[in-house]
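Report on the structure given below.
The values are calculated or read from the model by the stated rules, or taken from the named source; none is laboratory data. Please read these numbers as outputs of a predicted model, since none were measured by experiment. Virtual Cβ from ideal backbone geometry, glycine too; neighbours counted across all protein chains shown. These area figures cover heavy atoms from the full protein model, side chains too; ligands, DNA and RNA do not enter into them. Shrake-Rupley method; radii C 1.70, N 1.55, O 1.52, S 1.80 Å.
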Amino acid sequence: SQKIEQNSEALNIQEGKTATLTCNYTNYSPAYLQWYRQDPGRGPVFLLLIRENEKEKRKERLKVTFDTTLKQSLFHITASQPADSATYLCASGSGGSYIPTFGRGTSLIVHP
Amino acid sequence: GAGVSQTPSNKVTEKGKYVELRCDPISGHTALYWYRQSLGQGPEFLIYFQGTGAADDSGLPNDRFFAVRPEGSVSTLKIQRTERGDSAVYLCASSPQTEETQYFGPGTRLLVL
């Protein structure tokens, strides 16, 4: 069955450093991957989408990559700030499908 | 503009009771999704509407769960004979017809005692 995996352990980094979160998928080839941010008690907020024919996407301090060989997406936040502390969810979808499968999310904690 | 809204924000009920959860999507969004999220987990798909019809209800766990969207806008998720295992955050999301991006509401926290 399709699986999408994110590191369940929290990532702790120092302010100003680059945070890198990992999303791995197995048993299928998604047409796109998405990253969402979720704060406690709130719904997820869309950040970036990358398609299978794209290697990299950027938006301000955010960068996402899609490696179809490694079956992996990396999500980077450069010059991280305490306000970036949240849970980041990876989601994948098949071509023609608008129903993504979500990972469990990775908690990021940026220390001042 | 206004985002997706969900009511109530919190619902406490007793085992065996019936509950209704409401979702108001972003105006003009034809697609509407319901998800369930347990603590420490990602959102789990329940049902997807395109307009008034349920395009995919494969995520509904059993026949105690039902959802409607009679006029293609507001949707109601209905849970009959609630069980303690139904306790979770129920998230609603909407999107324009041809977009993968989803816009989530704040969720309804359901606690079944």
Checklist entry - Take the residues of region A:17-32 that are buried (at least 18 other Cβ atoms within 10 Å of the Cβ) and more than 10 Å from chain B (Cβ to nearest Cβ): which is nearest to A:K3 (Cα to Cα)? => result A:Y25
Item to check | Residues located in region A:12-54, provided they are of a type in the set (S, T, Y) and at pLDDT 95 or above | outcome: A:T18, A:T20, A:T22, A:Y36
Next on the checklist: With the requirement that a residue be in a loop (DSSP other than H, G, I, E, B) and either modelled with pLDDT of 95 or more or open to solvent by less than 70 Å² (accessible area, probe 1.4 Å) (or both), what does region A:91-111 give you?
Outcome noted: A:S94, A:G95, A:S97, A:Y98, A:I99, A:P100, A:G103, A:R104, A:G105
Checklist entry - Is region A:68-90 home to any residue that is within 16 Å of B:F45 (Cβ to Cβ) and in a strand (DSSP E or B)? => result yes
Item to check | Residues of region A:56-90 satisfying the condition of being open to solvent by less than 10 Å² (accessible area, probe 1.4 Å) and β-branched (V, I, T) | outcome: A:V64, A:I77
Item to check | So A:Y36, is it of a type in the set (F, W, Y) and in contact with a Phe, Trp or Tyr (Cβ under 9 Å, 6 or more places away or on another chain) | outcome: yes
Item to check | Qualifying strands (runs of 3 or more DSSP E) (wholly inside chain B; at least 2 residues being of a type in the set (A, V, I, L, M, F, W, C)) | outcome: B:19-24, B:31-37, B:44-50, B:53-56, B:65-68, B:75-79, B:88-95, B:108-112
Item to check | Complete set of residues in region B:55-88 that are among the hydrophobic types (A, V, I, L, M, F, W, C) and open to solvent by 30 Å² or more (accessible area, probe 1.4 Å) | outcome: B:A55, B:L60, B:F66, B:V68, B:V74
